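Participant: Quick one: the structure is below, questions incoming.
The values are calculated or read from the model by the stated rules, or taken from the named source; none is laboratory data. Since we're looking at a predicted model, the values are computed, not measured. Here the Cβ is made from the backbone with ideal geometry for all residues, glycine too, and neighbour counts use every protein chain on show.
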Amino acid sequence: MARKIGVLALQGDFAKHMAMLETLGVETLAIKKPQQLEECDALIIPGGESTTLTKLMVKYGFYEPLREFSRRHPVMGTCAGAILVAKDVDDPRVQPLGLMNIAAKRNAYGRQVDSFVTDINTPMLAGAPTFPAVFIRAPKISAVRNGVEILMSSAGEPVMVQEGNILAVTFHPELTKDNRIHRYFLELTSD
């Protein structure tokens, strides 16, 4: 079955996600208007600036269409996208979608100069035993509540979690050559 994966293209690193998906032979669509969601089987909310994304999602009327879309289709939020899929966020300027029963803390690892790459154990991904996770002004998942499964952790902190068809990843899998997290997400679209 042919799949078309949308990537929210209001701001942030959407082009890298699209390029990663295209290497997997998947058709992509840059989502700039809520009505484009109807053309997709799944959606990625990329990293970027969560306060800016909030303003743009309000301006273009994305909140209710995204919530409705998530009831029927998989959604993956990476970095700022992980903040947006959360139920609770530590910053009142960010309006989360409330798709996942987690709390997120913005810029929890520090500023841009504090960015880092670390190898994370990947027991749930086939292939290499670790994944090269790129953390750039990354959030932390400060609370994991009922119904949420921790898929990957780093230094005792959850960095990839899943609740039903929703994934939250606090790092940038699109900035590596390793496509296994995107492949894992695509498997959710075939259920």
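Participant: Limited to region 1-23, what total is found for residues that are out of contact with any Leu (no Cβ under 7 Å at 6 or more places or on another chain), modelled with pLDDT of 95 or more and assigned to a loop (DSSP other than H, G, I, E, B)?
Facilitator: 1
Participant: Among the strands (runs of 3 or more DSSP E) contained in region 79-174, which hold 3 or more residues that are touching an Asp or Glu at 6+ places or on another chain (Cβ under 9 Å)?
Facilitator: Counting at least 3 such residues, we get 100-105, 130-135, 140-144, 157-163.
Participant: One residue is enough: does region 69-76 have a residue meeting the conditions within 20 Å of residue 185 (Cβ to Cβ), in contact with a helix residue (DSSP H, G or I) (Cβ under 6 Å, 6 or more places away or on another chain), basic (Lys, Arg) and not in a loop (DSSP other than H, G, I, E, B)?
Facilitator: Looking through region 69-76, none of the residues is within 20 Å of residue 185 (Cβ to Cβ), in contact with a helix residue (DSSP H, G or I) (Cβ under 6 Å, 6 or more places away or on another chain), basic (Lys, Arg) and not in a loop (DSSP other than H, G, I, E, B).
Participant: Search region 116-135 for residues being at pLDDT below 90 and within 18 Å of the chain's Cα centre (by Cα), and hand back the single one that is surrounded by the fewest Cβ atoms within 10 Å (Cβ to Cβ).
Facilitator: Once the filter is applied, the top-ranked residue is 124.
Participant: Continuing with the same structure: Return yes or no: is residue 6 under 28 Å from residue 108 (Cβ atoms), touching a Gly at 6+ places or on another chain (Cβ under 6 Å), of a type outside the set (Ser, Thr, Tyr) and crowded, with 19+ Cβ neighbours inside 10 Å?
Facilitator: no
Participant: Also: Among the listed residues 113, 89, identify the single one that is aliphatic (A, V, I, L, M) and at pLDDT 90 or above.
Facilitator: Going through 113, 89 in turn, the sole match is 89.
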